[in-house]
Amino acid sequence: MEIKNVCVLGVGTIGYQIAQIVAQSGYSVMLRDIEERFLEGARSKITDNLQKYFVAKGKISQDEANHVLARINMTTDLNVAARAADLVIEAIPEVISLKQKVFRELDEICPERTILASNTSALSIDDISLYAKRKDHIMVTHFINPVQRMKLVELVVSDHTSQVTLDQVKAFIQSLGKEIVLVKDSPGFVTTRLFVTIVNEAAKMFDEGIASVEDIDKAITMGLNHPIGPLQAADISIETLVHCLRYLKEKLGESYSPSPILEKLMSEGKLGVKTGQGFYRYDSQGK
């Protein structure tokens with residue numbers, strides 16, 4: 001099977017970016033979320049991204065940008081979104097019960113050929129696909145944020161994932177201009193398990209009064225040459241970070257327990273950039 005039609009579920013931080021890069025690579029995309037307003041917001045973001053980072057910089061023409069947008073169709077109906085898909089990439093919130101429900105529904109809706117992939121940052125693919133039957137057609141395609149700039153995609157396979165499924169997905173990901181690493185199914189995989197550990201330790205240091213938020217981030221960016229500091233990175237989505245840490249704590253032990261400050265920010269609804277406050281304060285122009 002050649003992958004031609006791709007369905008992306010969820011238009012959050014990663015979902016709309018995946019839809020954009022897939023459409024830019026010439027594929028037909030169905031983008032689905034539960035409300036029209038979310039889809040309208042995604043179309044606006046994709047349009048702005050194409051204009052700002054591609055058309056304005058002379059990387060593509062306006063006609064080419066229009067063709068990219070034309071390859072992206074949107075719907076709130078899961079049946080419409082997935083019934084003709086060769087590949088479904090799920091990018092909904094990191095809540096295991098939601099993902100299990102969606103994968104069970106996809107198993108019933110999609111043709112037998114369809115590959116089901118999750119963009120989960122940490123959850124075990126065996127847990128996600130617990131109620132699905134086509135386990136040989138299921139794996140993880142973990143795109144890294146921001147999708148346009150980050151070259152890596154983690155491919156995570158279970159003991160059930162077939163070699164044919166893996167080969168088809170590898171070819172698809174490489175057609176997007178991405179590099180891949182192959183990982184066995186394990187909570188947090190490689191990137192997330194290491195990333196959340198660094199961020200959680202940085203949060204604990206702030207909790208303990210060892211240094212300010214700004215100085216912790218400065219130490220890592222200037223001392224270890226990371227592009228952004230761990231606490232600024234946490235503000236991309238504190239909600240996702242806490243969900244991942246709680247899951248890793250359940251699966252791997254107490255050392256992954258979220259720091260008190262992360263739990264406090266979560267309970268107060270200070271989720272980072274999207275709410276205007278996390279470790280830093282944000283206005284419409286950024287930090």
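Read-outs throughout are calculated quantities, based only on the coordinates presented, and are distinct from any laboratory measurement. Remember, it's a predicted structure, so these values are computed and weren't measured experimentally. A quick note on method: Cβ atoms are made from the backbone with ideal geometry, for glycine too, and the neighbour counts reach across all protein chains shown.
Output the relative contact order of the chain, whole-number percent, from Cα pairs under 8 angstrom with separation of 6+ residues. Mind showing how you got there, number by number?
Details: 488 pairs, mean separation 38.9, N = 287.
It comes to 14 percent, rounded to a whole number.
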Checklist entry - So, in nm, how far is label ALA70 from label GLU179 when the simple model puts each one 7 Å beyond its Cα toward the Cβ? => result 3.6
Next on the checklist: Among PHE38, ALA19, GLY272, which residue has its Cα furthest toward the positive end of the charge dipole of the chain, with +1 on Lys/Arg Cβ and -1 on Asp/Glu Cβ?
Outcome noted: ALA19
Next on the checklist: Which of LYS57, LYS101, LYS264 ends up with the largest GNM mean-square fluctuation for the chain, with Cα atoms connected below 10 Å?
Outcome noted: LYS57
Checklist entry - Which angle between 0 and 90 degrees, to the nearest 10, do you get for helix 36-50 versus the longest principal axis of the chain when only C-alpha atoms count? => result 80
Item to check | Simple Cβ-charge dipole of segment 79-143, Lys/Arg +1 and Asp/Glu -1, about Cα centre, in debye nearest 20 | outcome: 100
Checklist outcome for this item: One finds the C-alpha centres of segment 98-142 and segment 237-287 to be spaced, in Å, by 26
Checklist outcome for this item: Rounded to a whole number, the Stokes-Einstein D of the chain in µm²/s (Kirkwood radius over Cα pairs; 25 °C; 0.890 mPa s) is 124
Checklist entry - Helix 163-175 sits at what angle to the longest principal axis of the chain, using alpha carbons and giving 0 to 90 degrees rounded to 10? => result 70
Checklist entry - Which Cα, out of LEU245, LEU262, ALA211, lies furthest along the positive dipole direction of segment 191-275 (beta carbon charges, K/R +1, D/E -1)? => result LEU245
Checklist entry - Once every DSSP H run of n ≥ 4 in the chain is given -39500 (n - 2.57) and the sum is divided by its residues, what mean residue ellipticity at 222 nm do you get, rounded to the nearest 500 deg cm²/dmol? => result -13000 deg cm²/dmol
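GluC sites (Glu not before Pro), restricted to segment 204-258: which are DSSP loop and have at most 15 other Cβ atoms within 10 Å? All intermediate terms of the calculation are to be shown ahead of the outcome.
Details: sites: GLU208, GLU214, GLU239, GLU250, GLU254; in loops: GLU208.
Within segment 204-258, the qualifying GluC sites (Glu not before Pro) (loop, at most 15 other Cβ atoms within 10 Å) are GLU208.
Let me spell out the model: positive unit charges on the Cβ of Lys and Arg, negative unit charges on the Cβ of Asp and Glu, origin at the Cα centre of segment 191-275. What dipole size does that give, in debye rounded to 20? Write down the numbers at each step before the final one.
On the way: 9 positive and 12 negative charges, 57 e Å.
Charge dipole, segment 191-275, about its Cα centre: 280 debye, nearest 20.
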Item to check | Dipole magnitude of the chain about its Cα centre (Cβ charges: Lys, Arg +1; Asp, Glu -1), debye to nearest 20 | outcome: 480
Checklist entry - Once the Cα atoms of helix 15-24 and of the chain are each reduced to a long axis, what angle between those two axes, in degrees from 0 to 90 to the nearest 10, is obtained? => result 50
